[in-house]
Amino acid sequence: EGLVHKSIYCMCRDSDGFLWIGTSNGLSRFDGYQFKNFSHDNEKKSSIKGLSIYAIVEGRNSKIWLSTDAGLECFDKKTESFDLIKIIEPKSYFDVNIDIDDSGNLWIYSYPLGFVVYNPSSKKVVAQYSLASMTSKTKDVNLNRFKIIKDQIVVSTSKGIYIYNIKYLSGKWFSSRL
């Protein structure tokens, strides 16, 4: 058995050496020899809820976090079960990527909400940053990916790289001169 689908959106290697592959029709885990596939099953409450997997990141305590078309999902590697995490209403799509900071908080980007910081231990949103509050240059800017590095959000956009310092509430644009 191969991949759950040939259209791949993202990949992540976890601390156990597994390669997690997000596709347009579910999630695949590769151990170096074979695939184990996870797709939505109406009969199983613990199955994955989303079809499209946009981003994958490994968190603490054997958790794999997924950004899906159903919302934010958490996979427990020990029980091999999925939970859909309700953090914002009405339903918002997290289709860019997700990241984990040094404190174990999950960072998610959603348009038009911006960056949402979720603490898995308390199961609460602990902060929220809109791109518009970080920079005045948001007109016609599409966010591609982001990475949390210490106190900074490094954002790749259609207009270049934007680095925002969370501690000092200031940022700087870096763009191509081409």
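The values are calculated or read from the model by the stated rules, or taken from the named source; none is laboratory data. Just so it is clear, the model here is predicted, and its values are computed rather than measured. Reconstructed Cβ throughout: ideal geometry from the backbone, glycine too, with neighbour counts over all protein chains shown. The area values use the complete protein model at the heavy-atom level, side chains included, leaving out ligands, DNA and RNA. Shrake-Rupley method; radii C 1.70, N 1.55, O 1.52, S 1.80 Å.
Solvent-accessible area per residue for the chain at a 1.4 Å probe radius, Å²?
Values: 10320 Å² over 178 residues.
Accessible area per residue: 58 Å².
Under the criterion of Cα pairs below 8 Å and six or more residues apart, the relative contact order for the chain equals 10 percent. The label-point distance for ASN119 and ILE149, in a model that sets each label 7 Å from Cα toward Cβ, rounds to 2.7 nm. Between the stretch 6-57 and the stretch 138-175, the alpha-carbon centres lie 28 Å apart. Available extension along the chain between LEU19 and ARG60 is 13.1 nm, counting 0.36 nm per residue and deducting the alpha carbon span.
Its convex hull of Cα atoms gives the chain a direction-averaged projected area, equal to a quarter of the hull surface, of 11.8 nm².
For the stretch 125-174, the spread of Cα coordinates along the three principal axes comes to 28, 19, 18 Å, biggest extent given first.
Using a probe of 1.4 Å, the accessible surface attributed to ARG145 totals some 100 Å² when neighbouring protein chains are kept in position.
Would you compute, from DSSP H runs of 4+ residues alone, the mean residue ellipticity of the chain at 222 nm, taking -39500 (n - 2.57) per run and dividing by the full residue count, rounded to the nearest 500?
Taken over the chain, the calculation gives -500 deg cm²/dmol.
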